[in-house]
Amino acid sequence: MKNIAVIGAGIVGICSAYFLQKSGYKVTLFDHNEPGSMTSSGHACTFADYACIPVNSPTIFKDLPSMLLKQDGPLVIDFGYVLKNLPWVFSFLKNCKKDKVEYIASSLAHFLSHSRLSYDELFKEVEVSQYINNNETLYLYKTETEYQAAKYSINLRKINGVKIKELNAAEINELEPNIAQLYYCGLIFEGSRYTINPIKVSKKIFESFLQQGGSFLNKKITAINNYENEVKIVSDNSTFDFEKIIISAGSWSKELALMIGDKFPLDTERGYHVLFENNNKLINRPIGWSQSGFYIIQIEEGIRAAGTVEIAGLHKKANPKRLSMIEKEARKLLPMLGDMKSTWLGFRPTLPDAMPIIGQSQKNKKVFYAFGHQHLGWTLGAVTGKVIRDLVQGIKPNIDISAFNPNRFN
């Protein structure tokens, strides 16, 4: 029985550990935080198999001045951070060309098309049905101008197999009568679903992993040492020997990969949410708001307004202007919202081409990577876990993951 370590207990790491343990490996999961408690818990709660459109966009060149100057738009870039990280920014902008964006969208759409089946397989064994709602996601456009500006991305989704139903204002009002009638039109992403409690879903999968014989160590990794037949992980003055390791530590994977000798241009999309007190049923599904780039979702804790993208790194404090914008716009959209309960800032691991790193290290064949899923980690957790299981077993996955090759930045 091979002894394997998975570093990082977000949804990708938990699913990878689950599938490996189920396949007969002895798996130890490491994280210095509680499993599922970080970025995997604070997002917009959607299984977004429709979300193949990257943040990279052909229109970004004309929008860039606004992104650098405004701090309350759907996508903002911190000017000081940009100056310190120009190589990443240049690489990001190179991937905003039309042909690159369409390649990224196609690659992500192919991978996303397997996400639901992979979770369905997992959910047959891990009972989480009480936390899953099958009402489909609704995305709203405030004006005809906004809708027309989005036609390129809408058509790109359709080309890549995303099923979309377009709704007029009257049809939206019939579906969601409590939403203020500020919108021009909207889209339903057919077949989509969401969770009302992501942390409980993560914990259920984690508990099943433990019941299968898996282990969890609540420890921070301080070093990874490479040897011919094993990899040694150092933590809190303790050393652990493994035959293979998987690095799936989200935004913190860059430093761990450097310990192996691999250098990746990994950065973060900082995402925010505001949680509102609410005891009444106000909405029936996740509702996206194009003008501000966030979703509102009714979950067990209340109503969460979550999303937006801020490129500003791991260390800058939360931006109060973004939190204020989300609260103000959410109240416009849903006037019956209760008091603000809490706020949150999380870090989505992001590469300049908006695609994950999934595959084997070229520096050490005993090391595998599964990180960089940006805002799709929750959606792609199960399918990534299955692919990692295949790669560790030396089996070629039945899904084309060539676009996510760890060597593509070399």
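The values are calculated or read from the model by the stated rules, or taken from the named source; none is laboratory data. Small disclaimer: the values here were computed from a predicted structure and weren't measured. Cβ atoms come from the backbone with ideal geometry, glycine included; neighbour counts cover every protein chain shown. Protein only, heavy atoms only, side chains kept; ligands, DNA and RNA dropped before computing areas. Shrake-Rupley method; radii C 1.70, N 1.55, O 1.52, S 1.80 Å.
When the stretch 283-309 is examined, which residues are found to be part of a loop (DSSP other than H, G, I, E, B) and over 18 Å from Ala51 (Cα atoms)?
If the condition is that a residue be part of a loop (DSSP other than H, G, I, E, B) and over 18 Å from Ala51 (Cα atoms), then Ile283, Asn284, Glu300, Glu301 are the ones that fit.
Taking strands (runs of 3 or more DSSP E) that fall entirely within the stretch 100-194, which contain at least 3 residues that are open to solvent by less than 70 Å² (accessible area, probe 1.4 Å) and touching a Gly at 6+ places or on another chain (Cβ under 7 Å)?
The strands (runs of 3 or more DSSP E) meeting that bar are 137-141.
For the stretch 22-31, does any single residue satisfy the condition of being among the β-branched types (Val, Ile, Thr), in contact (Cβ under 8 Å) with a residue 40 or more places away in the chain and either open to solvent by 30 Å² or more (accessible area, probe 1.4 Å) or closer than 23 Å to Arg116 by Cβ (or both)? Working first, answer last.
Start the filter on the stretch 22-31 by keeping residues that are among the β-branched types (Val, Ile, Thr), which leaves 27-28.
This time we only want the ones that are in contact (Cβ under 8 Å) with a residue 40 or more places away in the chain, so: 27-28.
Cutting the leftovers down to either open to solvent by 30 Å² or more (accessible area, probe 1.4 Å) or closer than 23 Å to Arg116 by Cβ (or both) gives us none.
Taking every residue of the stretch 22-31 in turn, none turns out to be among the β-branched types (Val, Ile, Thr), in contact (Cβ under 8 Å) with a residue 40 or more places away in the chain and either open to solvent by 30 Å² or more (accessible area, probe 1.4 Å) or closer than 23 Å to Arg116 by Cβ (or both).
Are any of the residues in the stretch 237-250 in contact with a Pro (Cβ under 8 Å, 6 or more places away or on another chain) and outside any strand (DSSP E or B)?
yes
Whether any residue in the stretch 215-230 is touching a strand residue (DSSP E or B) at 6+ places or on another chain (Cβ under 6 Å), open to solvent by less than 70 Å² (accessible area, probe 1.4 Å) and of a type in the set (Ser, Thr, Tyr) is what I want to check.
Scanning the stretch 215-230 turns up at least one residue that is touching a strand residue (DSSP E or B) at 6+ places or on another chain (Cβ under 6 Å), open to solvent by less than 70 Å² (accessible area, probe 1.4 Å) and of a type in the set (Ser, Thr, Tyr).
Hey, any hits in the stretch 321-330 for a residue that's part of a strand (DSSP E or B), touching a residue at least 12 places away in the same chain (Cβ under 8 Å) and open to solvent by 10 Å² or more (accessible area, probe 1.4 Å)?
Taking every residue of the stretch 321-330 in turn, none turns out to be part of a strand (DSSP E or B), touching a residue at least 12 places away in the same chain (Cβ under 8 Å) and open to solvent by 10 Å² or more (accessible area, probe 1.4 Å).
Show the residue pairs meeting these rules: Cβ distance below 8 Å; 6+ apart or different chains; first residue within the stretch 267-286 and under 12 Å from Ala318 (Cα atoms) and open to solvent by 10 Å² or more (accessible area, probe 1.4 Å); second residue of a type in the set (Gly, Ala, Ser) and outside any strand (DSSP E or B).
Cβ pairs passing all conditions: His273/Gly42; His273/Ala44.
Name the strands (runs of 3 or more DSSP E) wholly inside the stretch 337-410 in which the number of residues that are of a type in the set (Phe, Trp, Tyr), under 28 Å from Asn33 (Cα atoms) and in contact with a helix residue (DSSP H, G or I) (Cβ under 9 Å, 6 or more places away or on another chain) is 1 or more. Show your work before the answer.
Values: elements: 340-350, 357-360, 367-371.
Result: 340-350, 367-371.
With the requirement that a residue be open to solvent by 60 Å² or more (accessible area, probe 1.4 Å) and out of contact with any helix residue (DSSP H, G or I) (no Cβ under 7 Å at 6 or more places or on another chain), what does the stretch 79-93 give you?
Result: Leu83, Lys84, Leu86, Pro87, Phe90.
Taking only pairs six or more apart or across chains, which ones have beta-carbon atoms under 9 Å, a first residue in the stretch 104-123 that is charged (D, E, K, R), and a second residue that is surrounded by fewer than 17 Cβ atoms within 10 Å (Cβ to Cβ)?
That search, which allows pairs on different chains as well, returns Arg116/Gly191.
For Lys263, all conditions in the list (1) farther than 30 Å from Tyr81 by Cα; (2) in a loop (DSSP other than H, G, I, E, B) hold save one; what is the number of the exception?
In the conditions (1) farther than 30 Å from Tyr81 by Cα; (2) in a loop (DSSP other than H, G, I, E, B), Lys263 misses (1) alone.
Among the helices (runs of 4 or more DSSP H) confined wholly to the stretch 37-89, which include 2 or more residues that are modelled with pLDDT under 90?
In the stretch 37-89, the matching helices (runs of 4 or more DSSP H) lie at 60-69, 79-84.
Do we have any residue at all in the stretch 226-234 that's closer than 28 Å to Ser37 by Cβ and among the acidic types (Asp, Glu)?
Taking the stretch 226-234 and keeping what is closer than 28 Å to Ser37 by Cβ, we get 231-234.
Imposing the further condition that a residue be among the acidic types (Asp, Glu) reduces the set to none.
Scanning the stretch 226-234, I find no residue that is closer than 28 Å to Ser37 by Cβ and among the acidic types (Asp, Glu), so the answer is no.
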